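Have a look at the structure below, then the notes.
The values are calculated or read from the model by the stated rules, or taken from the named source; none is laboratory data. Model, not experiment: these values are computed from the prediction. Neighbour counts run over all protein chains shown; Cβ positions are idealised from the backbone, glycine included. Please note that ligands, DNA and RNA were not included when accessible areas were found on the heavy atoms of the full protein model with its side chains. Shrake-Rupley method; radii C 1.70, N 1.55, O 1.52, S 1.80 Å.
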Amino acid sequence: MIKPDGVQRNLVGEIIQRFETKGFTLVGLKMMQVSRELAEKHYAVHKERPFFPSLVDFITSSPVVAMVWQGDGVIASARKIIGATNPLNAEPGTIRGDFGISFGRNLIHGSDGPCTATDEVSLWFSDAELADWTPAI
Ligand code: CMP
């Protein structure tokens, strides 16, 4: 999910390009204004953390771009492409390392494992919103 700061900074195309040029397949894509209900479900694991209210405020503050990418090893690879949660610790060449400096404004969220990815895809997308296709090359 490209967060509000990624959209506001005109980084949507840049971020999508990094996943496309790596070779992953885009199977879901939508721009949306996130409801508090969706934000609270998405970040439920953090609900006892002090930053939870501001995180929900931020994610619901302006539109995000939700995406589903498919391909061999996509979850682990996406985490490398995205970089460390704190952009100040993220390596150059990663999305957060190249474009971010703030913990709370780290541009993009990526699923952290297969179970989370399954849950998050079904939380954010209906079956009808997901394309079932395989690149010919
Ligand atoms: P994300 O990958 O979306 O998952 C949870 C988010 O919480 C994380 O990226 C950060 O944006 C945010 N987050 C985690 N820790 C902190 C913190 N200490 N202060 C503010 N935001 C945080």
Next on the checklist: Could you work out [θ]222 nm for the chain from helices alone, using -39500 (n - 2.57) per DSSP H run of at least four and dividing by all its residues? Round to the nearest 500 deg cm²/dmol.
Outcome noted: -11000 deg cm²/dmol
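Give the accessible surface of the chain per residue, rounded to a whole number of Å², with probe radius 1.4 Å and ligands, DNA and RNA excluded. Present the calculation step by step, with values, prior to reporting the outcome.
Numbers: 7920 Å² over 137 residues.
Result: 58 Å² of accessible area for each residue.
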Next on the checklist: Please report, in whole Å³, the volume per residue of the convex hull around the C-alpha atoms of segment 81-124.
Outcome noted: 71 Å³
Item to check | Two-site label geometry, Thr85 and Trp133: point separation in nm, points 7 Å out along Cα→Cβ | outcome: 3.6 nm
Item to check | Shape category assigned to segment 44-137 from the gyration tensor of Cα positions, a/c cut at 1.5 | outcome: oblate
Checklist outcome for this item: By the Cα gyration tensor axes a ≥ b ≥ c (a/c under 1.5 gives rounded; else a/b larger than b/c gives prolate, otherwise oblate), the shape of segment 1-88 is prolate
